[in-house]
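Chemist: Supplied in structure tokens, the structure appears directly below.
Read-outs: derived from the displayed coordinates by stated rules, not from any lab. Because the structure is predicted, anything quoted here is derived from the model rather than measured.
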Amino acid sequence: MIALLKRAANQSLGKPRRRRWPALNGIFLSAAILVASAAHSGEILHWQSVWVRAMPPGAQVTAAYGNLMNHGDETVQLSGIRSSVSGEAQMHDVMAEGDQRRMVQVMSVEIEPHATLVFEPGGRHIMLLEVSNPPTEGSTVEICALSAAGTESCTQATVERQAPNGHENHTGHHH
Ligand SMILES: [Cu+2]
């Protein structure tokens, strides 16, 4: 009986880890575990003013924007994003190359204590890929931030054609 329970516990520990970090090698994985034990208690990410760009018919890719605040006292390693409508979500930055600008995928971002990570049109943004069922304007999409420590912070983003009014207004926020 005890052996059975042990086996069950090992399985439930092992499976999600493989699913969550499929691309990481041993070095990254041990670093992530270190962060988990060191920073877990102080970690609080909070989304604000998140919206998803409405998609033209036939499109499978769109972008999401908004602010992600670290209300904790420790740096948070943001390791990924997921959404309820896309097969994949990536963090992109825009780099200048001469007079050209191009998008570069960012695999992880550090958010310092009490700092805000901004995703905005023309700058760092969230790319939603493999959207097989484009959400209609006015509907909501769940956007989640995944930390290297294994926590998930989610919000409901509205689908808009352009940046909503009051986008820069921070007064509605209480924490
Ligand atoms: Cu992009």
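Chemist: So between H114 and E160, what do we pick up on full extension, going 0.36 nm a residue minus the alpha carbon distance?
Modeler: Numbers: separation 46, 0.36 × 46 = 16.56 nm, distance 2.81 nm.
Result: 13.8 nm gained on full extension.
Chemist: Fully extended, how many nm does the chain gain between I44 and R101 (0.36 nm per residue separation, minus their Cα-Cα distance)? Write out the running numbers ahead of the final one.
Modeler: Numbers: separation 57, 0.36 × 57 = 20.52 nm, distance 3.31 nm.
Here the answer is 17.2 nm.
Chemist: Give me the number: length gained by fully extending D93 to E137, i.e. 0.36 nm times residue separation minus the C-alpha to C-alpha distance, one decimal in nm.
Modeler: Values: separation 44, 0.36 × 44 = 15.84 nm, distance 2.51 nm.
Extra length available between D93 and E137 comes to 13.3 nm.
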